[in-house]
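Trainee: Starting off with a structure, shown below.
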Amino acid sequence: VQLQASGGGLVQAGGSLRLSCAASVRTFSNYNMGWFRQAPGKERECVAAIRRLGGNPFYSESVKGRFTISKDNAKATVNLQMNSLKPEDTAVYYCAAGNLDPYYLLRRGYDYWGQGTLVTVSS
């Protein structure tokens, strides 16, 4: 599985960005998909995830109400719409794919990672 993330950039606080992740895999629907981020000096954290079995997506408290994750199994893509961005959202964002269902909110639940895309939010 190869993942290619795109869409990062520089935006002012209050602005929006849309991250996209394209997967090269035939059975994309079999994977949980997550968006993680890592700010300088901090641990990589899951900000949004969507399960392969369906159900409500997960959002971390810090992004709930501002970010929306969506998965298109037909196109093998997962997107992260980020609105009302804040300077504290500045980080490298990674998309990830995995199928360890009990751990879909954790790094250990994902075997495949995109290369990361930098999001910088200026105040």
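Trainee: At 1.4 Å probe size, what's the solvent-accessible area of LYS71? Round to the nearest 10 Å².
Mentor: Its heavy atoms expose roughly 50 Å² to the probe.
Trainee: Counting only heavy atoms of protein chains, what accessible area per residue, in Å², does the chain have with a probe of 1.4 Å?
Mentor: Numbers: 6380 Å² over 123 residues.
Per residue, the chain has 52 Å² of solvent-accessible surface.
Trainee: Kirkwood Rh, the range 11-69, all Cα pairs: how many Å?
Mentor: Working: mean 1/r = 0.0755 Å⁻¹.
When all Cα pairs of the range 11-69 are included, the Kirkwood radius is 13.2 Å.
Trainee: Okay, moving on. What is the percent carbon and sulfur in the accessible area of the chain, measuring with a 1.4 Å probe over the protein chains and ignoring ligands? Can you show the working numbers first?
Mentor: On the way: 3000 of 6380 Å².
With neighbouring chains kept in place, the figure for the chain is 47 percent.
Trainee: Could you tell me which of GLY114, SER24, ALA49 has its Cα farthest along the dipole of the range 15-119 towards the positive end, charges placed at Cβ (Lys, Arg +1; Asp, Glu -1), taken about the Cα centre?
Mentor: My answer, from the dipole projection, is SER24.
Trainee: While we're here: Taking a spot 7 Å from the Cα of LEU106 along the direction of its beta carbon, which residues of the range 8-33 have an amide N less than 18 Å from it?
Mentor: The answer is 32-33, whose backbone nitrogens lie closer than 18 Å to the label point.
Trainee: Now a separate question. Gap in Å between the Cα centre of the range 1-60 and the Cα centre of the range 63-123?
Mentor: 2 Å
Trainee: So, taking all protein chains as they sit and a 1.4 Å probe, how much accessible area belongs to ARG18, in Å² rounded to tens?
Mentor: Answer for ARG18: close to 120 Å² accessible.
Trainee: Using a cut-off of 17 Å between alpha-carbon atoms, which lysines can reach LYS64, once sequence neighbours fewer than 8 places away in the same chain are excluded?
Mentor: LYS86
Trainee: While we're on this one: P(r) for the range 1-104: what percent of alpha-carbon pairs falls in each 10 Å bin, starting at zero?
Mentor: Going out from 0 Å in 10 Å bins, the range 1-104 shows 15, 51, 29, 5 percent.
Trainee: Considering only DSSP beta bridges whose two residues both sit in the chain, what percent are antiparallel, to the nearest 5?
Mentor: On the way: 36 of 40 bridges.
Close to 90 percent.
Trainee: So if we plug the beta-carbon distance of ASN56 and SER16 into 1/(1 + (r/R0)^6) with R0 = 25 Å, what FRET efficiency do we get, rounded to 0.05? Mind showing how you got there, number by number?
Mentor: On the way: r = 22 Å, r/R0 = 0.89.
Working from the Cβ atoms, E equals 0.65.
Trainee: Please compute the modelled spin-label separation between ARG26 and ARG66, points set 7 Å along Cα→Cβ, answer in nm with one decimal.
Mentor: Reported label-point gap for ARG66 and ARG26 is 4.2 nm.
The values are calculated or read from the model by the stated rules, or taken from the named source; none is laboratory data. Because the structure is predicted, anything quoted here is derived from the model rather than measured. Note: ideal-geometry Cβ built from the backbone for every residue, glycine included; neighbour counts use all protein chains shown. Remember, those area values only see protein heavy atoms, side chains included, never the ligands or the DNA or RNA. Shrake-Rupley method; radii C 1.70, N 1.55, O 1.52, S 1.80 Å.
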